[in-house]
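Chemist: One structure follows; several queries about it will come next.
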Amino acid sequence: MTQAPVQSVWRHRTTGLAIAAGIALVDQLVKLWLLGPMRLRERGVIDIVSFFDLRYAENRGISYGFLTADSLESRILLFGMTGLIALGVLIWMLREKRFGDIVALALVLGGAVGNIIDRLRFTFVVDYADLHFGTFRPFAIFNLADAAITGGVVLLLARSLLIRDKPEDSAAAA
């Protein structure tokens with residue numbers, strides 16, 4: 001492999017780290033704004049439009065309250081488990097060569113780090129985005145970090161299903 005492709009791959013990985021850091025930072029800034037000046041915790045709900053509200057929720061588990069961590073031991077276990085998953089995603093991202101996959105993994109990593117910071121600060125994840133159509137809610141209340149994780153996973157799945165690697169030597173394939 002020549003020097004230029006190696007530099008390009010590391011530039012992509014550095015970009016991925018910046019994306020992950022940016023997502024975690026923006027996630028925390030949004031929560032800081034909602035809990036501070038907007039006083040969402042005290043207000044409970046802020047109506048935005050007919051199908052979307054800001055609604056304060058404490059998520060003490062993972063998706064949809066699965067694996068709820070109420071005791072100190074279960075919070076430590078959940079924190080450790082999410083930390084190990086985030087570390088695994090980081091290692092995967094640093095080994096990945098394709099930019100689209102690096103971006104997808106960066107979304108997952110940034111969202112995971114944002115939620116891990118919440119667990120350190122509050123012992124739970126702050127959720128606030130409530131998408132609903134009347135009484136129908138297609139999703140649990142979520143946050144920016146959750147949306148980044150979901151978007152990253154969907155992007156990874158779409159890329160793995162729709163994009164095929166080109167053979168390195170088309171003459172060898174023939």
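The values are calculated or read from the model by the stated rules, or taken from the named source; none is laboratory data. If you're wondering where the values come from, they're calculated on a predicted model, not measured in any experiment. Cβ: placed from backbone, ideal geometry, glycine included. Neighbour counts: every protein chain shown. These area figures cover heavy atoms from the full protein model, side chains too; ligands, DNA and RNA do not enter into them. Shrake-Rupley method; radii C 1.70, N 1.55, O 1.52, S 1.80 Å.
Yes/no matrix, rows are residues, columns are (1) charged (D, E, K, R); (2) in contact with a Lys or Arg (Cβ under 6 Å, 6 or more places away or on another chain); (3) surrounded by 15 or more Cβ atoms within 10 Å (Cβ to Cβ):
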{"site": "TRP10", "(1), (2), (3)": "no, no, no"}
{"site": "GLY16", "(1), (2), (3)": "no, no, yes"}
{"site": "ALA24", "(1), (2), (3)": "no, no, yes"}
{"site": "TRP33", "(1), (2), (3)": "no, no, no"}
{"site": "ARG39", "(1), (2), (3)": "yes, no, no"}
{"site": "GLY44", "(1), (2), (3)": "no, no, no"}
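Chemist: So which residues in the range 113-127 are within 18 Å of ARG43 (Cβ to Cβ) and hydrophobic (A, V, I, L, M, F, W, C)? Quick ask: steps written out before the conclusion?
Modeler: To start, the set of residues in the range 113-127 that are within 18 Å of ARG43 (Cβ to Cβ) comprises 122, 126-127.
Those that are within 18 Å of ARG43 (Cβ to Cβ) and hydrophobic (A, V, I, L, M, F, W, C): PHE122, VAL126.
Chemist: Output the number of residues of the range 94-106 satisfying the condition of being open to solvent by 30 Å² or more (accessible area, probe 1.4 Å) and either within 28 Å of GLY44 (Cα to Cα) or not in a helix (DSSP H, G or I) (or both).
Modeler: 2
Chemist: Name every residue in the range 124-136 that is open to solvent by 50 Å² or more (accessible area, probe 1.4 Å) and touching a residue at least 60 places away in the same chain (Cβ under 8 Å), in order of residue number. Don't jump to the end; show me each part of the working.
Modeler: Of all residues in the range 124-136, those open to solvent by 50 Å² or more (accessible area, probe 1.4 Å) come to 133-136.
Correct list: PHE133 only.
Chemist: Which numbered condition in (1) modelled with pLDDT of 95 or more; (2) over 25 Å from LEU131 (Cα atoms) is the only one that ARG41 fails?
Modeler: (2)
Chemist: Taking the options ASP47, ASP27, name whichever one is among the acidic types (Asp, Glu) and either within 25 Å of GLY152 (Cα to Cα) or assigned to a helix (DSSP H, G or I) (or both).
Modeler: On the way: ASP47 fails: either within 25 Å of GLY152 (Cα to Cα) or assigned to a helix (DSSP H, G or I) (or both).
Result of the check over ASP47, ASP27: ASP27.
Chemist: Do you know which of the residues in the range 128-143 that are under 21 Å from the mean Cα position of the chain (by Cα) and in a strand (DSSP E or B) is nearest to GLY44 (Cα to Cα)?
Modeler: Within the range 128-143, the match that is nearest to GLY44 (Cα to Cα) is TYR128.
Chemist: Among the candidates ARG75, ARG121, ARG159, which residue alone is assigned to a helix (DSSP H, G or I), open to solvent by 90 Å² or more (accessible area, probe 1.4 Å) and either charged (D, E, K, R) or touching a Leu at 6+ places or on another chain (Cβ under 6 Å) (or both)?
Modeler: ARG121
Chemist: Of the residues ILE23, ILE19, ILE46, which single one is in contact with a strand residue (DSSP E or B) (Cβ under 7 Å, 6 or more places away or on another chain) and of a type in the set (Val, Ile, Thr)?
Modeler: ILE46
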